[in-house]
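**Q** Before I ask anything, let me first share the structure, which is written out below as structure tokens.
The values are calculated or read from the model by the stated rules, or taken from the named source; none is laboratory data. These numbers come from a predicted model, not from an experiment. Neighbour counts run over all protein chains shown; Cβ positions are idealised from the backbone, glycine included. To get the accessible areas, we keep the full protein, side chains included, count just its heavy atoms, and leave off ligands, DNA and RNA. Shrake-Rupley method; radii C 1.70, N 1.55, O 1.52, S 1.80 Å.
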Amino acid sequence: MKTLVVFLLLMNVSQHASAVEVYEGVESVLLTCQDTSVPRNPTLMWNRHDLSPPIVHQRNLAGDEMGDQNQRYRDRTSMKTDSLQTGDFSLTLRNPIISDSGTYTCTITAFGNTRTLTQVELQVKVSHQVLTLEVYEGAESVCCPVTSRLYLDPPQ
């Protein structure tokens with residue numbers, strides 16, 4: 001019986017952690033979080049504990065509570081309006097950038113008890129865009145505006 005208990009605990013943990021990879025420049029990324037047992041009068045929170053303040057998005061029955069939101073996420077996060085009724089607490093992050101990479105934690109709080117529902121490891125990668133030029137025979141010069149960014153990998 002002890003083996004069965006350990007197995008079930010491992011299954012439970014593995015279902016609540018995920019990794020998502022996207023390229024910088026995509027319109028949005030969805031960080032999934034779902035739970036079937038929604039308590040009465042809950043507060044749902046997405047956090048990144050390596051930031052100060054750590055709040056990425058917060059929602060209660062009255063709606064979004066963005067007063068304590070980390071400013072780097074201002075106007076870039078959203079949840080479904082019926083999320084606390086349906087149990088789909090997934091977070092949409094618009095225009096992800098390299099510095100959005102990190103571990104996002106989805107928690108629900110009710111009656112003073114906080115429960116972690118999931119952790120999502122988001123990796124935003126540099127987009128490698130290919131520039132194609134058509135040069136016609138007889139053209140004297142080619143000129144085009146190009147904006148570029150240089151990203152250096154941090155030391156290992």
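**Q** Taking the conditions exactly as written (more than 10 Å from the chain's Cα centre (by Cα), modelled with pLDDT under 95 and outside any strand (DSSP E or B)), does L10 satisfy them or not?
**A** So L10 passes the test.
**Q** Let me ask you something else. Looking only at the stretch 45-72, how many residues end up being open to solvent by 40 Å² or more (accessible area, probe 1.4 Å) and part of a loop (DSSP other than H, G, I, E, B)?
**A** 11
**Q** Determine, yes or no, whether N60 is in contact with a Ser or Thr (Cβ under 7 Å, 6 or more places away or on another chain), on the phi < 0 side of the Ramachandran plot, without any contact (Cβ under 8 Å) to a residue 40 or more places away in the chain and not acidic (D, E).
**A** Taking the combined requirement at face value, the residue satisfies it.
**Q** Please enumerate the residues belonging to the stretch 102-128 that are open to solvent by less than 30 Å² (accessible area, probe 1.4 Å) and either in a loop (DSSP other than H, G, I, E, B) or of a type in the set (A, V, I, L, M, F, W, C) (or both).
**A** Correct list: C106, I108, A110, L117, V120, L122, V124.
**Q** So which residues in the stretch 27-44 are among the hydrophobic types (A, V, I, L, M, F, W, C) and open to solvent by 70 Å² or more (accessible area, probe 1.4 Å), if there are any at all? First the steps, then the outcome.
**A** Narrowing the stretch 27-44 to residues among the hydrophobic types (A, V, I, L, M, F, W, C): 29-31, 33, 38, 44.
Within the stretch 27-44, just L30 meets the criteria.
**Q** For residues in the stretch 74-88 being under 13 Å from V56 (Cα atoms) and part of a loop (DSSP other than H, G, I, E, B), which is most open to solvent (accessible area, probe 1.4 Å)?
**A** Residues of the stretch 74-88 that are under 13 Å from V56 (Cα atoms), as a first pass: 74-79.
From the residues that got through so far, the ones that are part of a loop (DSSP other than H, G, I, E, B) too are 74-76, 79.
Numbers: R74: 145, D75: 125, R76: 33, M79: 20 Å².
Once the filter is applied, the top-ranked residue is R74.
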